[in-house]
Structures are given as structure tokens and as C-alpha cells.
Amino acid sequence: MQIVLAKPCWRYPIAGADHTYNRRWPPLELLNCGAILERDGHDVRLVDAQAEGLSPEQVAHRVGTPDMVLVTSSALDRWQCPTLELDPLLAVIGQLREQVGRLLLTGFHGTVQPDAMLKLAGVDAVIRGEPEETLREVVAGRPWQQTPGLTFLHDGETVHTPDRPPLDMTTLPVPAFHLLRLKHYEYEILGPKFMVLEGARGCPCACTFCSRVIQGRKLRRKTVEQLGREVEIAVGQFGARNVYFIDLEFTASRELAEGICRYILDQRIRVRWCCQTRADQVDEPLLRLMRQAGCRLVHFGVETGSPRIAELTRKNISLQQQRDGVAMAKRMGMETLCFFLLGHPGETDEEMHETIRLARELDPTYASFHRVAPYQGAALYQQCGGDTTGDLFPAFAGSQAQRRKVDRLVRRAIWSYYARPRYVVSRLLSSSPRSLWRQLRLFLGYFS
């Protein structure tokens, strides 16, 4: 069977009213699907419109007339904080609907709103949750009524099969890296020839603003040898120079974090990499090992400078622990990126300014400010009473006036952080011209 895996193109680098950073990153879950289907003997292609800047018409031309197309509305790196803009997705599906055999949708949007997305997109079926095993069974010819994790129409009625159990990560093959054109992928603050890898899915933390509807709460991990082999192949055979371990909390499994570092060192793999984790889940011995193994950047979800908001959002971490974790990473010679959220329900102006002041105090290499969105599947969405805006995927839990105020504050926070003379001088002294251009383009994209 001929199958095409497709990712639409959203405006790059920043797009939509939700001000989402639309990354040119490899869609890892589609590479997993490709490897599984090729192992079963199928002909698989990837069309990544985001990476190449393709229009819906160009996507349709590239796709051709295969037996089946799977379109993602949110690649794995956006499962927990998806883009809420649907127009680019629907435009691609509209171009493909009449020219392919079967058309399926995967991603966050169909997982949380399967009925609505089935009708709105006009696809044959929606894959809910992790797509790898569901797609394999669909392609293998298993009756849809017997395939877990699927939503489709049958005799005019919507059918939802039972949810699929969480995937056993140790069953995944090496992603189908050969489906990519690696030259199209980069992370502006890490570098080009960029690859996304994962050691685990799931997060046991209880933060109210993060949607784990696909990832799940239970931590499910690969073996060290399994992940290490993927790093070896991505770097040695396909030329990846920069890697992001996209686990929600890279150090949640210390055994895996230490293990992959030692694997990289033992195999003498030369690669620059980054990860994301909590500031209370690192210490100097672990950070030192990570630095020796090639880690150059650590992302921390700080989120707020207000103790009250931290308690309401169930961060379960003190401001001092945030300070200590970020400071340790900086002492180890790593760059740091901290995420901050503004506009929590009931958050006062003073509490948002506390967050902005904390960002300046921590002084990470990069500070990322965002408006809080009540993603379906997150506790925040339920706390807000669900959608009260009339939007299928609401971008803010409050009035339009409140949203405009928060957006102004977000823009002001970004500008005031990066326009500091001391910060500008430090970046000029520590970055290459090419790196500075990539970062400047990302910065200006937010204000364009």
C-alpha cells in the first residue's frame, strides 16, 4: 500500500492570534509511523509543508494519489501545547480530499474534539491519541469497528471505538529518518541539521495548564540502548548535528538521563543537544554529566513569579528551587531558556509583573513569554468551566478586553527583556553572526 504522511504549513516563525511559535522541527510521530509501516512492507513518503514552506496546492501536488494519507494537526513536539489555528490544516485537507483513497487525521485537535474535527475536516477517520499502533492496524486492514483509538462515520452515525492503551515505548523501531530532508530543519537557538528524539512519554506532574491528553500521566520510557542507537543513527548516518530530547521532563527518569549521557560519551558521539525539565529535578552532578555529553541548552518551565499562582496551578515547586536549578545550569556552562505564562484566571496585574521581574532576576539566556491558553485535556480547561467563548479551541480563559491586556503585557515583557543593553551586548559577544540572525528573525517574527 502507498501511504503519505503529511504535516501542513503554518505561518513561520510566529502565527495566528494565539502567537504560536510554529517550529520547523521533524514530526517525530510521523517518522515512527513511517518506520512501522515500512517494516510491514508498505511504501511510505513524508510531505512536511512546514519544513519547506509549501502551500496547500503544492502539498497536493507532492502527495499525488496514494492509497492513504495521514495528516497531523499537531506534531509530537506540540502535543501538550498545540497551535489553535485550524485554517492551514483545513486548507490542506480540502486540497487532498478528492484525490486520495483514504484520508485520516491525527493530533491534539481530533483527540479532544473527535466529532467536531471529523465533520469540520471531512476526513474518513480521526485517530485519537498516539497514532503509531492505530495507523498500523488501519493499514493492515483490521476492521475499523475493532480498532481502538478511532472515530469515523458508519451508516451516518459517528462511531468512537474504545481508547487505545498507552504505547509501550520499547516496541518502537528506529524512526524513519530517511524520509526527512534534514537540511530543512533547525532550532534557531541551537542550530541547523536539527533532529527531535524522545526517550519517554508522559509526565507525573499535576500542572493545571499543560494538556497531557496524548502523553498521559504515567512515565513510559525507552531503554538506554534503544535511545542511544537512535542518536547514533541520526548523527552518524543522517548527519544530525543538533538534537532536542523532547521528553516533557527529561530528568524525570534519572536512570535514563544518566544512561543516555554515558552512552553518548562511551560511543564518542559528537552532538549538541538540549532538553526540557523542572528546576527541582536537576543537581550539579547530573548537569555536569549532561554538559560533558554535549548538552548545551536546558529549558525550564518556570511559568510564574507569584507564589499564589504557582500554588493554584499545582506547580509544586518553590521560587527558590526555580532560582537554584537555573543557577546550577548556568554554573555548568549551559545556556538556559525559561518559559513564563501570563494571564492565569484570577491573576492580578501585580502578579504578572512579579513573573516579569523573576525573569529578569533569573536572567536566562532566553526568556519565552506566553499568554495562558485553556487547552482541552488540561485541568485549567475544566476549572474554567469548559469553553465559554464559543470557540472550538479557545485561546484564552477570559474576556476579549482581558486578552488584549495580557497580549500587550506579553509583548512588553518580551521587548523589555531582550532590549536590555546588558543582554544585547552579551549576545553580541557570545553568538556567531549566523546564530544571531536566526535569533533576530525569531524575535522580529513575534512583532510582525
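Derivation of every value follows stated rules applied to the coordinates shown; laboratory data play no part. Remember, it's a predicted structure, so these values are computed and weren't measured experimentally. For neighbour counting, all protein chains shown are included, and Cβ atoms are generated from backbone atoms with ideal geometry for every residue, glycine included.
Out of residues 5 or more away from Leu46 or on other chains, whose amide H comes under 5 Å of its own, with H placed 1.01 Å from N in the peptide plane?
Leu5
Under a cut-off of 12 Å between alpha-carbon atoms, report the aspartates and glutamates in cross-link reach of Lys183, not counting same-chain residues fewer than 8 places apart.
The reachable aspartates and glutamates, counting only those whose Cα sits under 12 Å from Lys183, are Glu52.
Of Lys7/Lys119; Lys222/Lys330; Lys7/Lys315; Lys222/Lys315, which sit over 31 Å apart, Cα to Cα?
Details: Lys7/Lys119 20 Å; Lys222/Lys330 29 Å; Lys7/Lys315 33 Å; Lys222/Lys315 26 Å.
Going by Cα-Cα distance, Lys7/Lys315 fall outside the 31 Å limit.
Provide the gained length on full extension for the span Arg357 to Asp43, in nm with one decimal, where the gain is 0.36 nm per separating residue minus the Cα-Cα distance. Intermediate results must be reported in sequence, preceding the final value.
On the way: separation 314, 0.36 × 314 = 113.04 nm, distance 5.34 nm.
Gain on extension, Arg357 to Asp43, equals 107.7 nm.
Among His353, His344, which comes first, then next, by fewest other beta-carbon atoms within 10 Å? Before the final figure, lay out each step's value.
Working: His353 15, His344 26.
In increasing order of surrounding Cβ atoms, one gets His353, His344.
For segment 1-94, what's the radius of gyration and Dmax over Cα atoms, in angstrom?
13.2, 42
D for segment 300-354, whole µm²/s, Stokes-Einstein with Kirkwood Rh over alpha-carbon pairs at 25 °C and 0.890 mPa s: what number?
Numbers: Rh = 11.9 Å.
It diffuses with D of about 206 µm²/s by this estimate.
Return the sequence-ordered ³J(HN,Hα) values of segment 223-228 in whole Hz as given by the Karplus equation 6.51 cos²θ - 1.76 cosθ + 1.60 applied to θ = phi - 60°, using x for Gly and Pro.
Couplings: 7, 4, 5, 4, 5, x Hz.
So what's segment 185-447 giving for Cα Rg divided by 2.2 N^0.38 Å, two decimals? Don't jump to the answer; show the numbers that get you there.
On the way: Rg = 18.8 Å, N = 263, 2.2 N^0.38 = 18.3 Å.
My calculation over the Cα atoms of segment 185-447 gives 1.03.
Send over the per residue convex hull volume for segment 2-160, Cα only, as a whole number of Å³. Walk me through the numbers on the way to the answer.
Working: hull volume 15.7 nm³, N = 159.
Normalising the Cα hull of segment 2-160 by residue number yields 99 Å³.
Could you work out the helix-only [θ] at 222 nm for the chain, with each DSSP H run of four or more residues adding -39,500 (n - 2.57) and the total divided by the number of residues, to the nearest 500 deg cm²/dmol?
Numbers: 17 runs with 173 residues, N = 448.
Calculated mean residue ellipticity at 222 nm is -11500 deg cm²/dmol.
Please compute the Kirkwood hydrodynamic radius of the chain from all pairs of different C-alpha atoms, in Å with one decimal. Mind showing how you got there, number by number?
Details: mean 1/r = 0.0444 Å⁻¹.
Kirkwood radius, the chain: 22.5 Å.
Place the peptides 141-148, 238-245, 222-229, 209-216 in order of packing, highest mean first, counting for every residue the other Cβ atoms within 10 Å and averaging per peptide. Please list the in-between numbers first.
Working: 141-148: 12.6, 238-245: 20.1, 222-229: 17.8, 209-216: 21.6.
Output ranking for 141-148, 238-245, 222-229, 209-216: 209-216, 238-245, 222-229, 141-148.
Could you put Ser368, Ser73, Ser306, Ser318 in order, starting from the residue whose Cβ has the fewest other Cβ atoms within 10 Å? Write down the numbers at each step before the final one.
Working: Ser368 18, Ser73 25, Ser306 21, Ser318 13.
In order of increasing Cβ crowding within 10 Å: Ser318, Ser368, Ser306, Ser73.
Calculate the spin-label point distance for Leu440 paired with His178, positioning each point 7 Å from the Cα along the beta-carbon direction, and give it in nanometres.
Here the answer is 4.1 nm between the modelled labels.
Residue by residue, what Karplus-based ³J(HN,Hα) values in Hz, rounded to whole numbers, does segment 174-185 have, using 6.51, -1.76 and 1.60 with θ = phi - 60° and x for Gly and Pro?
In residue order, the calculated couplings are 4, x, 7, 4, 5, 6, 8, 10, 4, 5, 7, 10 Hz.
Please report the net charge: other residues with Cβ closer than 13 Å to the Cβ of Glu38, K and R +1, D and E -1.
0
Please list the non-local residues whose amide H lies under 5 Å from the amide H of Glu130, H modeled 1.01 Å from N, same-chain partners needing a gap of 5 or more.
Amide H neighbours of Glu130, under 5 Å, 5+ apart: none.
Roughly how far apart, in whole Å, are the Cα centres of segment 259-275 and segment 90-142?
37 Å
Rounded to two decimal places and with Rh computed the Kirkwood way over Cα pairs, what is Rg over Rh for segment 141-228?
Working: Rg = 17.7 Å, Rh = 16.6 Å.
My calculation of the ratio gives 1.07.
Through the Karplus equation 6.51 cos²θ - 1.76 cosθ + 1.60, θ set to phi - 60°, convert the phi angles of segment 76-82 into ³J(HN,Hα) values in whole Hz; use x for Gly and Pro.
Listing the rounded values in order: 4, 5, 10, 5, 8, 9, x Hz.
Return, ordered by residue number, the residues of segment 85-126 whose backbone nitrogen is under 14 Å from a label point located 7 Å along Cα→Cβ of Gln2.
Answer for this model: 99-102.
How big, in percent, is the set of alpha carbon pairs in segment 175-308 lying more than 19 Å apart?
Details: 4484 of 8911 pairs.
Percent of Cα pairs beyond 19 Å in segment 175-308: 50.
Quote the Stokes-Einstein diffusion coefficient, in whole µm² s⁻¹, for segment 218-261, based on the Kirkwood radius over alpha carbon pairs, a temperature of 37 °C and a viscosity of 0.692 mPa s.
After rounding, the answer is 293 µm²/s.
So if I place +1 on the C-beta of Lys and Arg and -1 on the C-beta of Asp and Glu, and nothing else carries charge, what would the dipole magnitude of the chain be about its Cα centre? I want it in debye, nearest 20.
Numbers: 57 positive and 51 negative charges, 347 e Å.
Around 1660 debye, computed over the chain.
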